[in-house]
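First comes the structure, then the notes that go with it.
Please treat every number below as a calculation from the coordinates, not as lab data. Remember, it's a predicted structure, so these values are computed and weren't measured experimentally. Cβ atoms come from the backbone with ideal geometry, glycine included; neighbour counts cover every protein chain shown.
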């Protein structure tokens with residue numbers, strides 16, 4: 001394995017640029033084999049054979065399978081979605097529905113279940129997955145909730161980490177852990193419930209400029 005970068009696995013070994021076509025084939029093969037065999041069953045030799053490249057081509061780019069798996073997962077998730085302008089509640093619904101759609105892509109839920117099951121055996125990979133994939137997406141949702149505080153939608157003392165988990169966990173459960181149908185309306189209900197629980201209390205029954213969540217809370 002190449003030396004670790006600060007905080008985790010080294011992402012790529014140095015060297016001259018490799019063929020983009022070969023790299024795409026290797027990452028696609030690794031993704032297929034992860035879905036079929038999981039991390040334990042995946043080997044660099046199997047990836048090379050599936051991609052139709054020499055084993056040395058794989059090792060020049062990734063010196064260990066954990067590094068290859070991590071880059072495969074980063075590519076699968078893609079870049080962070082842009083945060084659109086608009087009411088915080090509506091933007092939360094939009095981002096969470098994008099998350100749900102990503103988890104519902106063919107094979108993605110099963111792959112994530114395999115990775116969760118292998119986390120104890122590959123703690124370094126799990127840490128890097130959190131750092132490179134999960135943490136930036138949590139930060140994006142937290143920044144949106146900070147906008148909600150500024151807009152008077154959310155109490156300033158609300159636990160934003162907990163709110164993010166309350167927003168994401170039901171969707172993860174219904175799309176990955178125990179797959180079941182889920183609609184846009186159900187995602188909106190999750191958002192409304194979490195926002196209502198974190199809304200500013202109404203002062204002595206005097207209603208000022210109220211958000212939709214505050215109005216719903218007031219009945």
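Remarks
- Computed label-point distance, nm, for sites residue 188 and residue 120 using a 7 Å Cα→Cβ extension: 4.2 nm
- Listing 20, 67 from fewest to most neighbouring C-beta atoms within 10 Å gives 20, 67.
- Rel. contact order, % - alpha carbon contacts under 8 angstrom, at least six apart, the stretch 57-203: 31 percent
- Cα gyration tensor shape of the stretch 30-156, rounded if a/c is under 1.5, else prolate or oblate by comparing a/b with b/c: prolate
- A Förster radius of 25 Å, combined with the Cβ-Cβ distance separating residue 138 from residue 40, puts the computed FRET efficiency at roughly 0.35.
- Geometric descriptor of the stretch 143-200, per residue, is 78 Å³ (volume of the convex hull of the Cα atoms).
- By other beta-carbon atoms within 10 Å, ranking 130, 62 with the fewest at the front produces 130, 62.
- Packing-based exposure ordering (other Cβ within 10 Å, fewest first) of 65, 55: 55, 65
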